[in-house]
Amino acid sequence: MTIAKAVARAWRDEAYKAKLLSDPHAALKEEGITIPDEVSLKVVEEKDETMLVLPKAPPQAGDLSPEELQQLAEATPAWPQTLTDATPCKICRKSSFA
């Protein structure tokens, strides 16, 4: 089974979508996808807004200067450096940062 099957079901079934958002482990299990209990999983619905996911601070963060932390953050490829760096969604052709 794939996550795509769960996404497709959520698109057509509001009750399943609500369950996927509130209890993703149980909802995905219904589709044959088992996520280990020790894995924290949060499902969020995409909206027409820009989201920034703040990465976990590195273990050495307390030992680094503000300048060193900024350099480390700039080297982290987890997000575009500017909103114009965002690539368009392959399905809807909209930038996720539009």
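The values are calculated or read from the model by the stated rules, or taken from the named source; none is laboratory data. Just so it is clear, the structure is predicted and the values come from calculations on it, not from any experiment. When we count neighbours, we look across all protein chains shown, and the Cβ atoms used for this are built from the backbone with ideal geometry, even at glycine.
Every residue, every condition in (1) assigned to a loop (DSSP other than H, G, I, E, B); (2) modelled with pLDDT of 85 or more; (3) more than 16 Å from residue 4 (Cα to Cα), yes or no:
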{"site": "18", "(1), (2), (3)": "no, yes, yes"}
{"site": "37", "(1), (2), (3)": "yes, yes, yes"}
{"site": "45", "(1), (2), (3)": "yes, yes, no"}
{"site": "50", "(1), (2), (3)": "yes, no, yes"}
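The set of residues in segment 35-60 being surrounded by 10 or more Cβ atoms within 10 Å (Cβ to Cβ) and either over 30 Å from residue 74 (Cβ atoms) or under 18 Å from the mean Cα position of the chain (by Cα) (or both) consists of 35, 41, 43, 50, 51, 55, 57. For first residues located in segment 24-40 and under 15 Å from residue 13 (Cα atoms) and assigned by TED's automatic domain parsing to the domain that holds residue 7, partners that are surrounded by 13 or more Cβ atoms within 10 Å (Cβ to Cβ) and of a type in the set (Val, Ile, Thr) and lie 6+ apart or on another chain with Cβ distances below 7 Å form the pairs 24/43; 28/35.
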